[in-house]
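Down below is the structure, laid out as structure tokens.
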Amino acid sequence: MDHLTELENQSVYILREAYKNFKNLAMLWSIGKDSTVLLWLARKAFFGHCPIPLVHIDTSYKIPSMIEYRDKYAQEWGLNLVVGQNKKALAEGMNHEKGRIVCCEALKTQGLSQVMEQEGYTGLILGIRRDEEGTRAKERYFSPRDKNFEWNFKDQPPELWDQFKTTFADGTHIRIHPLLHWTELNVWEYIEKEKIPIIDLYFANEEGRRYRSLGCAPCTGSIESNAKNVREIIEELKDTSSSERSGRAQDQEDTYAMQKLRARGYM
Amino acid sequence: MGSNGHKDPQSGRQMKLVIVGHVDHGKSTLVGRLMADTDSLPTGKLDFIKDICDQQGKTFEFAFLLDALEEEQKQGITIDTSQIFFKTKKRPYVIIDAPGHKEFLKNMVTGAANAEAALLLIDAYEGVQEQSRRHGYLLRLLGMKQVAVVVNKMDLVKHDPEVFYKIKSEYTDFLQSLGVEAREYIPVSAKLGENIAHRSENMTWYQGPTVLEMLDQFEDKLPEVNQPFRLPLQDVYKFDERRILAGRVESGTAKIGDEVIFSPSNKKGVIKSIEGWSVDKKPKTVEASQSVGITLTEQIFVERGDVATLVSDPPIVTTTFDANVFWMGKKHLQKGESYLIKLTTQNVECEVARFNKAIDASTLEPLPDQDFIAKNDVAELTLRTRQPIAFDLFTSIAETGRFVLVDEYDVCGGGIITGFTPLSEIDRYRDEAQYRDSHWIKGAVTPDMRAYRNGHQAAMILITGKAGVGKADLAGHLEEKLFHQNFQSYLLDGRNIQVGLGADMDQDKYFSDGEAVRRFGEVAKLFVDAGHVVISTSNVFNQEDHSNISLLVEPTPIVEIQVTNDKFPKGKPEIVMTTEEAANHESAVQKVLDYLKDQKILTGHNYSI
């Protein structure tokens with residue numbers, strides 16, 4: 001069995017555990033490569049169907065072609081799409097100039113928390129990976145969040161032999177991370193193998209620039225690159241020594257930016 | 001920069017390694033050093049960490065490379081497991097740095113349970129410590145087969161081979177007592193980078209592999225395709241016209257047309273198809289580690305928890321089994337309390353029927369007379385589930401022979417199955433006892449009236465131990481002493497049942513098919529019903545027989561007195577005596593009387609004769 005099949009089997013197992021154990025379950029779809037791979041894996045797990053609603057948190061600052069891509073495939077694949085937006089914060093003029101961490105928390109974390117409450121979700125599937133950054137390296141596949149949406153990283157449940165935390169107190173919820181054990185390169189190799197249609201922002205444009213990680217337009221930088229297709233991205237990645245999220249401005253805001261963001265409910 | 005930092009993105013299959021050991025023995029330093037020396041750090045990562053150290057006024061340490069949480073960097077200890085990526089020329093690795101602080105044992109277990117090989121670190125200066133032993137024990141319990149011991153901080157002991165060999169010999173003895181053998185002992189200094197990626201010039205007396213060379217010698221864990229077929233069902237899907245049974249094959253293989261049996265529901269079916277989406281062509285076989293979906297030729301009602309196997313090779317199905325368990329819960333694991341057991345995809349309520357041996361995992365000393373274990377300790381115990389569950393012994397198929405225990409909302413313990421009592425036997429005695437009790441014709445004299453008159457409750461005293469330890473002698477004296485104190489005592493020897501009630505049977509058959517236990521138990525039942533304290537000795541009944549006898553005489557209490565000079569008594573006797581103690585009849589009998597009074601079995605007479 002090749003390593004991509006091994007990764008796929010493990011993720012499918014986790015998705016099925018989530019689907020069986022949570023009555024009110026949703027999956028976050030940021031339109032990026034990871035959550036799109038996750039969506040593909042869900043269709044694998046459920047034999048061509050995606051019985052789990054997809055939540056997209058629209059900060060209104062997303063790169064416009066991301067929304068086009070989202071709507072196209074939502075229709076083509078028959079997805080149940082739920083769009084969340086923190087309208088109150090936007091009406092009050094929230095943007096990254098008020099501070100990147102403040103903005104991320106209002107538009108992403110709060111936006112998400114509003115949808116969760118409104119729809120009553122008790123389980124939320126996300127496409128984060130351990131190799132992305134330090135605090136994610138300490139995550140569990142099934143990771144509890146308390147009533148205030150907070151992550152108690154100092155007291156996480158043990159996780160062994162694929163027996164996951166599926167029971168929890170009222171008012172709390174569980175984050176489920178089926179891609180936790182994948183690396184950035186695994187994701188691209190899998191996209192290539194499965195021929196998954198991926199948004200073209202990842203491919204180099206005429207000016208020789210592409211996005212390596214997708215987010216809001218003001219806070220996401222592109223990188224210099226000539227990689228025009230998936231194969232060329234894989235080759236390029238094998239040769240790089242900078243980190244994947246180096247184009248994400250919020251990470252650089254503070255030494256412990258990601259720990260602070262994630263402890264309070266950020267993805 | 002928040003990168004979890006690996007310079008070269010990882011391609012190919014990663015080997016999963018865990019690093020364990022006592023707090024401060026240098027696990028994080030070793031991981032940091034491995035990354036630096038294999039050139040696996042992303043650009044700027046080292047400088048970034050050095051900047052933080054400057055800001056906080058600390059000297060740079062390699063450990064800071066992976067202690068991502070602010071808390072960890074401030075306290076200088078790893079709190080949670082972290083996963084780090086690096087690679088050698090041979091292959092990529094994901095390395096799990098598990099905390100060594102006792103408080104974070106569940107995080108160590110999380111890391112170690114998911115790894116294929118382990119490095120156990122021991123500080124050369126401090127030597128073997130509490131967590132060195134506890135982690136060693138847990139590695140064995142978790143089924144870890146590839147372990148190398150790394151003796152770190154050799155620079156602090158002037159690279160002295162004597163220190164290394166002393167630790168090696170001490171820890172080898174310890175591992176041997178567990179039945180484990182380390183692949184290698186490697187003297188290193190992670191701080192100075194000696195014998196990690198590069199051979200140390202200060203320890204030319206050491207000829208074995210460096211840490212990196214050792215890692216490359218570990219073998220990938222391959223799926224168990226040659227074991228019997230096991231497919232625990234996760235779910236049944238009806239998204240379209242197909243009724244798909246979904247699950248992951250834990251071991252073995254199966255193909256279209258195979259007849260399968262589902263346990264514990266005991267239903268049979270034939271595999272009609274193997275389903276898949278976005279696959280080149282529909283598979284005809286399934287094998288270990290694949291997440292699959294199958295359909296059957298006929299619709300039968302099976303559900304999550306059922307385990308599909310070939311008809312020729314089904315799993316064990318029963319309610320009572322022995323296990324080695326480790327406990328991580330804040331509350332104690334207690335006899336009689338109820339827990340949820342999660343085994344494959346089965347979730348069943350269970351209770352601890354008996355503690356066979358509670359053990360302090362840091363010293364491996366038994367904790368005598370304990371009907372519970374506290375956080376971080378381990379035990380050999382017997383579990384009883386409310387409904388029958390399907391499993392295998394851990395030594396036959398690891399994946400279906402291990403489980404976790406859930407208390408309230410949290411996974412608090414884990415264990416491996418080492419033995420079981422067949423359902424047929426349990427059922428047989430339980431059914432017999434149930435039938436008998438429901439058809440029993442009761443007299444007008446109640447057990448309470450008898451207890452009042454006799455000055456004691458009915459009870460069964462079993463004196464156990466090897467031949468020649470003085471059981472019969474003690475039993476005789478006990479009967480006599482009780483009798484002289486006006487209690488209704490009766491010595492019931494298994495031999496007496498055999499020569500009379502058992503006279504119709506061939507001796508071998510009498511013992512082999514359970515009749516010895518059954519007839520003895522039923523006769524004992526009559527005596528305890530008559531309100532007696534029945535005393536018996538037996539060489540012929542084993543531990544399992546005792547629980548069967550207890551099924552037959554329930555709810556009458558059984559008091560086991562074990563006479564033995566072993567440090568570890570078998571099972572969970574109420575009273576343990578050495579042969580010397582048992583030979584001193586006066587004090588031995590007194591000890592038993594005290595216990596019976598303590599347990600309110602001997603209540604004393606309410607009148608004088």
Could you order the peptides B:53-60, B:86-93, B:596-603, A:37-44 from most to least packed, using the average number of other C-beta atoms within 10 Å per residue?
A:37-44, B:86-93, B:596-603, B:53-60
Alpha carbons only, please: Rg and Dmax for segment B:366-508, in angstrom.
21.7, 58
Expressed in angstrom, Rg and Dmax over the Cα atoms of segment A:58-116 are 12.9, 38
Whole-percent pair-distance distribution, where bins are 10 Å wide, for the alpha carbons of chain A:
6, 30, 39, 22, 3, 0
Segment A:1-101: GluC sites (Glu not before Pro) falling in loop per DSSP and having at most 14 other Cβ within 10 Å:
A:Glu92
So what are the protein assembly as shown's ellipsoid semi-axes, whole angstrom, largest first, if each one is the square root of 5 times an eigenvalue of the alpha-carbon gyration tensor?
57, 34, 25
Return one quarter of the surface area of the convex hull spanned by the alpha-carbon atoms of segment B:231-310, equal to its mean projected area, in nm².
4.8
Sorted by Cβ density within 10 Å, fewest first, the residues B:Arg134, B:Arg243:
B:Arg243, B:Arg134
Counting only C-alpha contacts under 8 Å and six or more residues apart, can you give the relative contact order of segment A:118-181 as a whole percent?
51
If I take R0 = 51 Å and measure r between the Cβ atoms of A:Asn24 and B:Thr297 in this structure, what FRET efficiency does the formula 1/(1 + (r/R0)^6) give, to the nearest 0.05?
0.90
Report, as an integer, the average count of C-beta atoms from other chains found within 10 Å of each Cβ along A:134-143.
6
Quick one: if the Förster radius is 25 Å, what FRET efficiency do B:Lys282 and B:Tyr409 give, using the C-beta to C-beta distance and rounding to 0.05?
0.05
What is the set of long-range amide H partners of B:Glu560 at a cut-off below 5 Å, with H atoms built 1.01 Å from backbone N?
B:Leu462, B:Glu574, B:Ile575
For segment B:445-456, 3J(HN,Hα) per residue [Karplus equation, 6.51 cos²θ - 1.76 cosθ + 1.60, θ = phi - 60°, Hz, x = Gly/Pro]:
8, 8, x, 5, 4, 5, 4, 4, 5, 6, x, 6
Please arrange B:Thr320, B:Thr579 by how many other C-beta atoms lie within 10 Å of their C-beta, fewest to most.
B:Thr579, B:Thr320
Can you check what the net charge comes to around A:Ile174, using other residues whose Cβ is under 9 Å from the Cβ of A:Ile174 (Lys, Arg +1; Asp, Glu -1)?
+3
Order these peptides, A:182-195, B:18-31, by their mean beta-carbon neighbour count within 10 angstrom, highest first.
B:18-31, A:182-195
Starting from the 7 Å offset along Cα-to-Cβ, what nm value, one decimal, do you get for the label separation of A:His3 and B:Ala530?
7.6
Once you mark the GluC sites (Glu not before Pro) that are in a DSSP loop and have at most 11 other Cβ atoms within 10 Å, what is the longest gap between them in chain B?
B:299-609
Where does each of B:Ser547, B:Ser396, B:Ser538 land when they are ranked from fewest to most other beta-carbon atoms within 10 angstrom?
B:Ser396, B:Ser547, B:Ser538
Chain B: mean projected area of Cα convex hull, nm²:
36.7
Which order do peptides B:459-471, A:127-139, B:144-156 fall in by mean Cβ count within 10 Å, highest first?
A:127-139, B:144-156, B:459-471
How many percent of DSSP beta bridges within the protein assembly as shown run antiparallel, rounded to 5?
65
Would you pull out the residues with amide H under 5 Å of A:Gln163's amide H, same chain only if 5 or more places away, H placed 1.01 Å from N?
none
Say a paramagnetic label sat at a point 7 Å from the Cα of B:Ser177, along Cα to Cβ; which residues of segment B:121-151 have their backbone N under 14 Å from it?
B:128-138
Between A:Asn226 and A:Lys193, what is the label-to-label distance in nm when each label sits 7 Å out along the Cα-to-Cβ direction?
2.9
Give me the net charge of B:Asn152's neighbourhood, meaning all other residues with Cβ under 12 Å from the Cβ of B:Asn152; Lys, Arg count +1, Asp, Glu -1.
-1
Using a 7 Å offset from the Cα along the Cα-to-Cβ direction at both B:Lys331 and B:Lys466, what is the distance between the two label points in nm, to one decimal?
4.2
For peptide A:148-158, compute the average count of partner chain beta-carbon atoms within 10 Å of each residue's beta-carbon.
5
Per the helix-only calculation at 222 nm, which mean residue ellipticity applies to the protein assembly as shown, given -39500 (n - 2.57) for every DSSP H run of n ≥ 4 and division by its residues, nearest 500 deg cm²/dmol?
-9000 deg cm²/dmol
Would you mind checking which residues have amide H under 5 Å from B:Lys87's amide H? H placed 1.01 Å from N; only 5 or more apart, or other chain.
B:Tyr93
Report the calculated FRET efficiency for B:Lys442 and B:Glu586 (r = Cβ-Cβ distance, R0 = 41 Å), to the nearest 0.05.
0.55
Please list log₁₀ I(q)/I(0) at q = 0.08 Å⁻¹ for segment B:426-598, using the Debye equation with identical point scatterers on the alpha-carbon positions.
-0.24
In degrees rounded to 10, the 0-90 angle between helix B:45-55 Cα long axis and the longest Cα principal axis of chain B is 80
Averaged over peptide A:181-189, how many Cβ atoms belonging to another chain are found within 10 Å of each residue's Cβ?
4
Could you work out the equivalent-ellipsoid semi-axes for segment B:326-420, taking the square root of 5 times each eigenvalue of the Cα gyration tensor, largest first, in whole Å?
20, 15, 12
In degrees from 0 to 90, rounded to the nearest 10, what is the angle of the helix B:130-141 Cα long axis to the longest principal axis of chain B?
70
With Cα coordinates, the longest principal axis of chain B makes an angle with the long axis of helix B:515-529, in degrees rounded to 10, of 60
On average, how much area does the Cα convex hull of segment B:15-217 cover when viewed from any direction, in nm²?
10.6
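Every number here is computed from the coordinates shown, using simple stated rules; none is lab data. Everything quoted here is computed from the prediction, not taken from an experiment. Cβ atoms come from the backbone with ideal geometry, glycine included; neighbour counts cover every protein chain shown.
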